[in-house]
1. What residues have an amide H closer than 5 Å to that of R28, excluding those fewer than 5 places away on the same chain, when H is modeled at 1.01 Å from N in the peptide plane?
2. Which value, in Å² and to the nearest 10, is the accessible area of D131 when all protein chains are kept and the probe is 1.4 Å?
3. I need two numbers for the chain: Rg to one decimal and Dmax as a whole number, Cα atoms only, in Å.
4. Could you order the peptides 64-76, 111-123 from most to least packed, using the average number of other C-beta atoms within 10 Å per residue?
5. Per residue, how much accessible surface does the chain expose to a 1.4 Å probe? Answer in Å², no decimals.
6. For N143 and I159 in one chain, what is 0.36 nm times their gap in residues minus the Cα-Cα distance, to one decimal in nm?
7. Do the sum for the chain: with -39,500 (n - 2.57) for every DSSP H run of n ≥ 4, divided by all residues, what is the mean residue ellipticity at 222 nm, to the nearest 500 deg cm²/dmol?
8. So, with a 1.4 angstrom probe, what is the percent of accessible area on segment 102-186 that is carbon and sulfur?
Amino acid sequence: KMDFTELKKIHLENNQGLFLAGSDEVGRGCLAGPVVAATVIFTSSQNKMPELFNILKGLGVTDSKKITRSKRRSILSKLDISFDSLQQNIKYNNNEFSFSLCQQSPKEIDKINILQASLLSMKNSFKLCWDKKSKGIWMIDGNKVPDFDELLVNKKSVIKGDTKSLLIGLASVIAKEYRDNLMEKLGNIYPGYGIEQNAGYPTKLHKDAIKVLGVTPIHRLSFRGVKEYIIPSERLY
């Protein structure tokens, strides 16, 4: 895992205020629901971090799309993270690491586009975790980095980061569990689209339902597969 390599790049006179962080988002390719990002940040000493990495490796942390829901929940449970209590704009701290969750609504996605909404969610989740005094490295999944300039923060884009970095992988697990739980609840509010099963992704069931039932307040009006079926009163402009 690349986390060990990145850890070696952090050179401080002492271990106080040192961090290593990873961010990821989920829901980018969906037709409905928010895009959700999580950031996981380690603030322990350099001597303690490898032990934490080994714990995550032993739990099988990786890209959330590559493991089952039961496995994701098992990982969170063993880290004493309750998936039932995950909330947006939350900061969790267990004295070894922290994480936060943030999201951008379908309306915001339509306003600024999905790429910018994804980057904004990751930036907001990082800012919620970071204590603004510590120096370190922030790894972001993908080939883009959020617009965030701070001398203490070394940003690094990581393609396929959720499989290369344990921190990014854990962020993806947390974000996906939160979003899947949210979409299950929204599926009960807006039945017929299979959202409780497809989480808003463009499955055949979902696309066919939009044609028959129309769009809902949780659909992304700027996305192909949705915008074709918007009635005049629902249009963006």
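1. none
2. 80 Å²
3. Just the Cα atoms of the chain yield Rg and Dmax of 18.5, 64 Å.
4. Ranking, from highest mean packing down: 111-123, 64-76.
5. It amounts to 49 Å² per residue over the chain.
6. Going from the current span to full extension adds 5.2 nm.
7. -11500 deg cm²/dmol
8. Percent of accessible area from carbon and sulfur atoms in segment 102-186: 50.
The values are calculated or read from the model by the stated rules, or taken from the named source; none is laboratory data. Every value quoted in this text rests on a predicted model; they were computed, and no experiment measured them. Note: ideal-geometry Cβ built from the backbone for every residue, glycine included; neighbour counts use all protein chains shown. Please note that ligands, DNA and RNA were not included when accessible areas were found on the heavy atoms of the full protein model with its side chains. Shrake-Rupley method; radii C 1.70, N 1.55, O 1.52, S 1.80 Å.
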